[in-house]
Structure formats: C-alpha cells, structure tokens
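Please read the structure below before turning to the comments.
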Amino acid sequence: MGVRTARGGRRTRVVVAAVAATAFVGGCSVGVPDPAAPNTPPVTSGPGTPTITPGHDAGAVAARDMPFSAGPALAHGVPVGLSEDLAEAPQWKQVVSNAGGTSRYQKSDGCQVAAGVRQNQWPLVAADDRASTAALFAYLDPTILPAYLKPASLRWGGERGKPAPAVDVLALERAAKPTGREAGRATAVLARVFGEAGSSVYVSASCPTAAALAAARADIAQWLTVVPPG
C-alpha cells in the first residue's frame, strides 16, 4: 500500500528494516506532507503561545491517556510535539537537536535513536488513528501488514520523573540480520498518526544486540514524551 500525493502520484518505498539503522546518519523521514498545505515550523517541547480552540479543553485531554480511540478528542489541526528529554537519560547524548523536526541520540553501548514529529499528515488519515498509523508503516514499506505491528506506548505529557498518562503507538521490531548491511543490529520503529491533529510522531532505534534494543526501548518509554497540543 502506498500514499499518493499531488506530485504525480509517485510512490516512495523505504524498507523499515533499514530505517532505524540509517536514521542516525542519513535522516529518517516518515513525513508525508500535503503539497497543498502551508509549511508548519517544527514543534518542540519548549514554551510557546498555545492555540486556543473554542469549546476544546486541552488540559483535560492532556491529563488522561491517549488511546487510539481518543484521537478525535484532539483539536483539529493543532499539532503535537515531542520532547528531547532522552538527552538527559544516563549513558545517552544528543547529537542532533530538532533538525527539520528530528532529533538524534546515541548511547554509550552503540544504540542510536532518531525521534521526530511531522505535520500536515492528512494524506495518511484513515478511519481512525490505528488505521492511519498502519497506513504510515505501509507507506514506508508496502510489505508491512497491520498484523506485523505490535501495540506499545510512550509518555503523554506529564512532568519529568513523575508518572504520566500514556499514548498508544504501534511498533515494528526486527531481529538482527546475520549478514548484509544491517548485520548484527536489532531495530525497532514506533509511530503514531494523530489524524485529528494532522500530525505524526516516530521513534526509530538501532542497537548492536536484542538486549541492548530492549534496554533502549525502556529508556525511550521513560524519557521521551509526546507533548499534547496546547
């Protein structure tokens, strides 16, 4: 399955097994911007002027879990963000900060992570956020079926070091290949499309071993935060 845009219906195919490993050096672009939509600056977790939507209680939405079924509770077109707190986790350092909406991190054990937000994701929006997220993975690699994707979660707002609500994402994990370009590295990609907000977030990780990847995913779950719309 591919996503057809206004640029001649061209289909981009990216093998997700290589996404996590190449994201650190070459950039991981899972965005599918609508060419007809205006450009939107990358969203970060820093302070800013909130967007007020009449009749919408952003605080209440941020204070509770964000399962796939709760996606319509977001204000239309108001983007989500992604923190850069993984840089503060033990043994991690940030090597790129919010370049084109993507930040990159490296751990002392050789794990590499790219995490970013994309806006104007309307071409991916399907029946609900789960279906839209599956469409994102299919856009990256049409051979990925929804059955391959496993449920996972990230932090949804909250204060660092304290319990926070959770946001549903889908994850694709690949074991290390014995030979070839990705030999010896285990990879995982976590993503969520927020259809009502028109945003997507993704986190790709590449590690030397499956055990290192499991530890990296635990760090990601603890330190990276999806920032609810204001």
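The values are calculated or read from the model by the stated rules, or taken from the named source; none is laboratory data. Bear in mind the structure is a predicted one, so any value in this text is a computation, not a measurement. For neighbour counting, all protein chains shown are included, and Cβ atoms are generated from backbone atoms with ideal geometry for every residue, glycine included. Side chains are part of the model used for accessible areas, which takes the heavy atoms of the whole protein and leaves out ligands, DNA and RNA. Shrake-Rupley method; radii C 1.70, N 1.55, O 1.52, S 1.80 Å.
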note = Expressed in nanometres to one decimal, the distance between label points 7 Å along Cα→Cβ at VAL95 and SER69 is 4.2
request  = Name the residues whose placed amide hydrogens come within less than 5 Å of the amide hydrogen of LEU82, ignoring near sequence neighbours (fewer than 5 apart) on the same chain.
outcome  = SER45, VAL227
request  = Provide the solvent-accessible area of THR187, counting protein heavy atoms only and rolling a 1.4 Å probe, rounded to the nearest 10 Å².
outcome  = 10
ask   = Under a Cβ-Cβ cut-off of 12 Å, what is the net charge of the residues other than PHE194 that fall near it, where Lys and Arg count +1 and Asp and Glu count -1?
value = -1
ask   = Which is farthest toward the positive dipole end of the range 147-230 among VAL226, LEU149, VAL193, measuring Cα position about the Cα centre, with Cβ charges +1 (Lys, Arg) and -1 (Asp, Glu)?
value = LEU149
note = For the range 135-147, in residue order, the Karplus 3J(HN,Hα) values (coefficients 6.51, -1.76, 1.60; θ = phi - 60°; whole Hz; Gly and Pro = x) are 5, 5, 4, 5, 5, 5, 8, x, 7, 7, 8, x, 5
task = Give the carbon-plus-sulfur fraction of the accessible surface of the range 92-203 in %, rounded to a whole number; probe 1.4 Å, heavy atoms of protein chains only.
result = 52
task = Quick one: which residues, 5+ away or cross-chain, put their amide H under 5 Å from the amide H of PHE194? H built at 1.01 Å from N.
result = SER199, SER200, VAL201
ask   = Want the number for GLN222 to TRP122: 0.36 nm per residue separation, take away the alpha-carbon distance, what's left?
value = 33.1 nm
query = Assigning unit charges at the beta carbon (Lys, Arg +1; Asp, Glu -1) and nothing else, what dipole magnitude in debye, to the nearest 20, does the range 83-173 show about its Cα centre?
reply = 140
